[in-house]
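Have a look at the structure below before the remarks.
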Amino acid sequence: MIPMDLNHIFTQFYAVYGSLINFIGINSLLAISLYVTLSAGQLSLGNAAFAGIGGYTAGILTMYLNVPYIVALFAAALMSGAIAMILGFPVLRLRGVFLAIATLAFGEVVRILAINLQITGGAEGLTPIPDKTQAWMIFTALALTGYFMAVLRRSRIGWSFASIREDETAAKAMGINTTWYKTLAFTIGAMIAGLAGAMSAHLNYIITPGEFGFSAAVQLLIFNIVGGTRVWYGPILGAALLTALPEILRGFGVTAGPVRMGVNGFILLMVILFLPNGLVSLFSHNKD
Amino acid sequence: MNLFAQQLINGIFIGSVYGLFAIGYTLVFGVLDILNLAHAAVFTLGGLVALWLVQSAEMSIWVAFPLATLFSGILGLIINAVAFVPLRHRPDTYFSGLISSIALAIVFESAAIGIFGARTVRFPISTIAVHIWQIAGVTITSLQIEIVMIAACLMAGLTRFLRRSRSGKAIRAVAENERAARLLGVHVDGIIAFTFFISSALGGAAGILFGLYFGALSPDMGRSIELKGLAVIVLGGMGSIPGAIIGGIAFGLSEVLTVAISGTSNLRDAVAFTVLFAILLLRPSGLFGRRQIRET
């Protein structure tokens, strides 16, 4: 009867922690979306907005046009990617913190549009979006994205990203078309974010403008920093740890909101001060 | 027409608070080329501490104001020591400084919620005597005048300090070229800490004025002004103090005028952020900036 029991335990576990596991999957996808942009040395705070664009696109398609779910997912990724490409060419000329501010401003404009447009449902959000997303779909998408990242890293594109991150001027001097590769990184990131946003919208029945504001954008950055941005599974580790943190703290008897938030900030501070390559550097000896 | 004039005046009042907040931002950026994202948390804590002094310690606002401003300045010293000094010699110091200041902002904000609660709190009505004047159909309160006067005095004082005093000149020297300043005998680390002190004191003062003006304070009030402050300093030119003042007032005006013209508050921030976006693309050095910030 042991297999039965195990099965029972899994069912129980999933019943209690199912939504947490799903959120970990979605947040991991979102964290990877920013990782792609960071791997080319570009700090974007617009990825939460791209997730929003994807969520709204897919939600509108399935709600109003009865488009099949899988088609809506592709459409969401393409929509976010297309907007990122149009946005990327002018915006990516900006460096460092100015790029961050510009993408932040873009995110705010998207959020304000979502509040004011009719088709996005205004401030109350778009609902009821059919619940089509299941755990296996999220984790299939995550596995495929992770595989894609691993392949990308060893490809010509991945090396170009890395060289731009290390020294953009030198990369340009080596004949790398930096504008094109930066836009490519930005676009791939936006497509992954759009996909994650679409899956999230079909998981929660609803998408609201408040979900992808400044705090969400910063949260994605925190996932990446805490996990580490040198390898693709760093952001996943960061997203998993920090998404599960409230539950972990509950295990220690901590339920107060401010304490949870404070621990979140404290972990981030400790990582940036003492582990600049993130928590993954604790496990790997590969200094890259 | 009166309504329009009224909106213009309101815009200038709120804009002067934005300007005061943005000066602190831009001062640190001018000296270190680093954005201190914990600035908004200092803004919040400054306001909340002033409220606590008025309410629980039963001080007059005229005593509480300088004390809370001093407290905010000390927070600035903590921010510098914890989030920036340990990272100063790392190759990616701009990026990691941004992150560590975000981390400290989260810690500060959670401390604010833990100590003062998550509710919106108000200054007691008796905190400050308010007279209301009607001049040519336009309403002005003594509180508004006081806010603008305090903001103007602080801005003028800072400008004079940077121009004339020895420490002010040292700050400008470090901003211009850290290495050269060090060679000339400027105590660079002390000057940087001092810059953080002034910057955060101004940020805290802006928080107190904001709380007095709107009557309400909440632990998350720093979030919206954080973005507005960024918009203001980009508009004015990063590192430029007159730019921050004029940018702040322009931003305040754009807010109230958008509401007045569109008749809804939903679009309030849209114009400002669209302008911010356009400026970054078309003239990224801002209106008064001198820095080269696009790739060369």
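Of note:
- Tally, over segment A:109-149, of residues that are open to solvent by 10 Å² or more (accessible area, probe 1.4 Å), within 14 Å of chain B (Cβ to nearest Cβ), within 20 Å of the chain's Cα centre (by Cα) and touching a residue at least 24 places away in the same chain (Cβ under 8 Å): 2
- Each residue in segment A:15-37 was checked for being open to solvent by 10 Å² or more (accessible area, probe 1.4 Å) and more than 12 Å from the chain's Cα centre (by Cα), and 7 of them qualify.
- Of everything in segment B:199-216 that is assigned to a helix (DSSP H, G or I) and surrounded by fewer than 22 Cβ atoms within 10 Å (Cβ to Cβ), the residue that is nearest to the other protein chains (Cβ to nearest Cβ) is B:F214.
- Qualifying residue in segment B:217-224 (condition: among the small types (G, A, S), buried (at least 24 other Cβ atoms within 10 Å of the Cβ) and farther than 18 Å from B:G11 by Cβ): yes
- Count of segment B:223-244 residues which are at positive phi and either facing another protein chain (nearest Cβ under 7 Å) or part of a helix (DSSP H, G or I) (or both): 0
- Residue match in segment B:33-51 (condition: buried (at least 24 other Cβ atoms within 10 Å of the Cβ), more than 17 Å from the chain's Cα centre (by Cα) and more than 14 Å from chain A (Cβ to nearest Cβ)): yes
- The lone exception for B:S101 - which of (1) within 10 Å of chain A (Cβ to nearest Cβ); (2) surrounded by 15 or more Cβ atoms within 10 Å (Cβ to Cβ); (3) over 19 Å from the mean Cα position of the chain (by Cα) it fails: (3)
- Qualifying residue in segment A:206-221 (condition: more than 13 Å from chain B (Cβ to nearest Cβ) and open to solvent by 50 Å² or more (accessible area, probe 1.4 Å)): yes
- Filter result (acidic (D, E) and surrounded by 15 or more Cβ atoms within 10 Å (Cβ to Cβ)) within segment B:150-198: B:E178
- In segment A:248-270, residue surrounded by the most Cβ atoms within 10 Å (Cβ to Cβ) [restricted to those that are at the interface with chain B (Cβ under 8 Å from one of its Cβ atoms) and small (G, A, S)]: A:G265
- Taking the criterion of being more than 13 Å from chain B (Cβ to nearest Cβ) and part of a helix (DSSP H, G or I), the residues of segment A:271-287 that qualify are A:V280, A:S281, A:L282, A:F283.
- Subset tally (residues that are more than 9 Å from chain A (Cβ to nearest Cβ) and open to solvent by 50 Å² or more (accessible area, probe 1.4 Å)) for segment B:117-136: 13
- Among (1) open to solvent by less than 20 Å² (accessible area, probe 1.4 Å); (2) within 13 Å of another protein chain (Cβ to nearest Cβ); (3) touching a residue at least 24 places away in the same chain (Cβ under 8 Å) - the single one A:G234 does not satisfy: (2)
- The listed residue being under 14 Å from B:A201 (Cα atoms), in contact with a Phe, Trp or Tyr (Cβ under 8 Å, 6 or more places away or on another chain) and not in a helix (DSSP H, G or I), out of B:N36, B:N80: B:N36
- Any hit, segment B:19-32, residues being over 24 Å from B:V121 (Cα atoms), part of a loop (DSSP other than H, G, I, E, B) and at pLDDT 90 or above: no
- A:T133 being closer than 24 Å to A:I60 by Cα and touching a Gly at 6+ places or on another chain (Cβ under 7 Å): no
- Verdict on A:A40 being more than 20 Å from B:L37 (Cβ to Cβ), crowded, with 24+ Cβ neighbours inside 10 Å and within 14 Å of chain B (Cβ to nearest Cβ): yes
- Residue check, A:G52 of a type outside the set (K, R), buried (at least 24 other Cβ atoms within 10 Å of the Cβ) and in a helix (DSSP H, G or I): yes
Conditions tested, residue by residue: (1) touching a residue at least 12 places away in the same chain (Cβ under 8 Å); (2) of a type outside the set (V, I, T).
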| residue | (1), (2) |
| --- | --- |
| A:L6 | no, yes |
| A:T11 | no, no |
| A:Y17 | yes, yes |
| A:L20 | yes, yes |
| A:Y56 | yes, yes |
| A:F74 | no, yes |
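The values are calculated or read from the model by the stated rules, or taken from the named source; none is laboratory data. Predicted model, so just to flag it, every value in this text is computed and none were measured. Cβ coordinates were reconstructed from backbone atoms using ideal geometry, including for glycine residues, and neighbour counts include every protein chain displayed. Each accessible area value is taken on the protein alone, full model and side chains, heavy atoms only, with ligands, DNA and RNA left out. Shrake-Rupley method; radii C 1.70, N 1.55, O 1.52, S 1.80 Å.
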